Structure formats: structure tokens, C-alpha cells
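Worksheet for the structure shown next.
The values are calculated or read from the model by the stated rules, or taken from the named source; none is laboratory data. Quantities reported herein were computed from a predicted structural model and do not represent experimental measurements. Neighbour counts run over all protein chains shown; Cβ positions are idealised from the backbone, glycine included. Note: areas computed on protein heavy atoms with side chains; ligands, DNA, RNA excluded. Shrake-Rupley method; radii C 1.70, N 1.55, O 1.52, S 1.80 Å.
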Amino acid sequence: MNSHKNNKIGFLAALFSALAWSTTGIFVRFLNDFSAIEIVAGRCLIGLFFMLLFLVISRGGLSKKIWISKHSWLLGLLMAGYFLLVVTAYQIAPVAEVAILTNTTPLFALFYRRLKGLSITSNEVWGICLGVIGVVLVVISGASSNQSSFNNLHLLGDFMALIAGSAMAIYSIFYSTIDSSKKPSSQIATFFTFLIGSLVSFFIIGISGNMIHMRKLLDLNVIYFILGLGVFATLLPALCYAYASSVLASVTVTSLRLLTPLLAATLGILFLNEIPNNLFWPGAFILITGLLLIIRQK
């Protein structure tokens, strides 16, 4: 009975994660007066504050061993880079396209397996084929869009979203291959993500001379959007996803995450009036079908 309750809560937690992550692009667009690096700085600073609070309350602490762990620093750097790629992509390409292209991580993970010479099933081969066709259709739909709100950087945004998807695959692969005795906990890895993201982004802002621009963060509406991005679209879904992963089968959790691009497309229509090109929907359907074929082989 208790196990059934945990599964139900885990399912709801995974569903919430998918919904919360789908709002990322909306918050980024509402912060259009800021550069990508400034948004990442605010996002990571908020995340860092709450992670420090969590570590203090849980009395987990940050031992000297953790500080000298090259794995923690590298994981943090990879995820911070992912944040920057995603935020930049959302600024220059439609929300629906970026959301679905950043979720191509299973596709890149499978490419890695083939490069390593590992065997793959026939379903995974079909998944790769459908995934590639879906990506091509989604990108073509963006290139042929008549929306005047995007310039010639539109395709660059789609490309950055795909690079972000590959970066997440590299992160997952690297994390899973770390020796168990040296592997940092998910909380520590998240802490270093926010720490490195904050340090690097504020350093870049400082040397670029845009610190005066950061005064806009004192605006009440901006504070709401930054908090929404940092807490609702970053911290809470990460915690819920971690919980869901601990009580549900990985295939269930990963499959539910594929709801994120569809929810993001819906939010883009409602809040930004971004109506995807007709080619987007069949492309999205084919891509998600391919990803499901890959995921369900795990």
C-alpha cells in the first residue's frame, strides 16, 4: 500500500517536472531585456542560495574532499554550459522548437553507443531513423516559418538547442561512468552547477562592463520572473524529478519528460502567440515516437 502511494506521488512529481520545465522558455522571453549570460547569472544565483540552504539544513556540509573533486567541477561546468545554450536558444528561436530539440538527449546517447562499437536493437535503429527525420522536419518548419519576430539567427537557435541536447547526453554518460567511490551525489553535482554557473556568468558580466545593467534586477516584475525561472522552472522540477527517479522505473520517468516540449509548445501559443508551422507537428510526433522507441529499450 505504501509502495503504491509512493508510486502515485512519484508519478505526480514526474508530471510536475515536465510541466515546470516547459515554462523555461516563457520565463526567458519575459526577461528579454537581459542577455543570456545575465539570465543564467540570476538563475544560478537563486539556485545556489537554495542549495546552500538545503546543505545547511540537511547538515550535509561541503568537505575538503568535495572541493577537490574534479568530477564535481566538470559536471557543474557541463550543466552550466547547458543552461547557457538553452537560454540563448530560447532567445532567438521559437519556444516549441527549442523545447523539443533540447530533449533529443536519448538520440545522442545512442549515437555515442554506436561510436563505442556497442550493439543496438532493431527498435533503437528505427528510433534513430525516426528521430533524425523528426529533427529535420522540425528545423525545416522553423526555416520556412513566416513569423517576423525572428531573424536569421533562428536556425542558430535550433542548432544550439541540439548542442544542448548533446551536452546533456555527455553529462549523463560521464556521470554514469564515474567510479562509485568518487561519484558525487546529485545534490553536490547540482550545487556545483549553480556555483560554477554563478561564478562564470558574473565574471563574464564583470569584464564586459555590464554590471550597471544588472540593476534592473531590482525591478519587482523582473524579480518575479527570475524567481520563477530559478525556483519553479529549475530547482523544484530537479528535486521532483530526482524523487520520481528514485521510486519509478526509469522508462516511466524519462517518457513523461517527453511531455515537456508539447506543453512548451502549448504555452508558447497561449503566452507568446507563437503558432508553429504545419510541419512542426508531424515532425514533433515522429521525433517523440523515435525517442520513445529508444527509451523503452533501456
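Might you check whether a residue that is among the hydroxyl-bearing types (Ser, Thr, Tyr) and in contact (Cβ under 8 Å) with a residue 12 or more places away in the chain occurs anywhere in region 60-68?
no
Within region 1-41, how many residues turn out to be closer than 30 Å to VAL247 by Cβ and not in a helix (DSSP H, G or I)?
So the count comes out to 2.
Hey, among the residues in region 98-135 that are crowded, with 17+ Cβ neighbours inside 10 Å and hydroxyl-bearing (Ser, Thr, Tyr), which one's farthest from HIS154 (Cα to Cα)?
That would be THR105.
Listed here are the residues, each with its yes/no results for (1) in contact with a helix residue (DSSP H, G or I) (Cβ under 7 Å, 6 or more places away or on another chain); (2) buried (at least 17 other Cβ atoms within 10 Å of the Cβ); (3) within 14 Å of THR104 (Cα to Cα); (4) touching a residue at least 24 places away in the same chain (Cβ under 8 Å).
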| residue | (1), (2), (3), (4) |
| --- | --- |
| ALA249 | no, no, no, no |
| VAL253 | yes, yes, no, yes |
| LEU259 | yes, yes, yes, yes |
| GLY268 | yes, yes, no, yes |
| PHE271 | yes, no, no, yes |
| PRO276 | yes, yes, no, yes |
| ILE286 | yes, yes, yes, yes |
| ILE294 | yes, yes, yes, yes |
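Within region 59-101, how many residues turn out to be assigned to a helix (DSSP H, G or I) and in contact with a His (Cβ under 9 Å, 6 or more places away or on another chain)?
2
Is it the case that region 45-58 has a residue that's among the β-branched types (Val, Ile, Thr), open to solvent by 40 Å² or more (accessible area, probe 1.4 Å) and in a helix (DSSP H, G or I)?
Yes, region 45-58 has at least one match.
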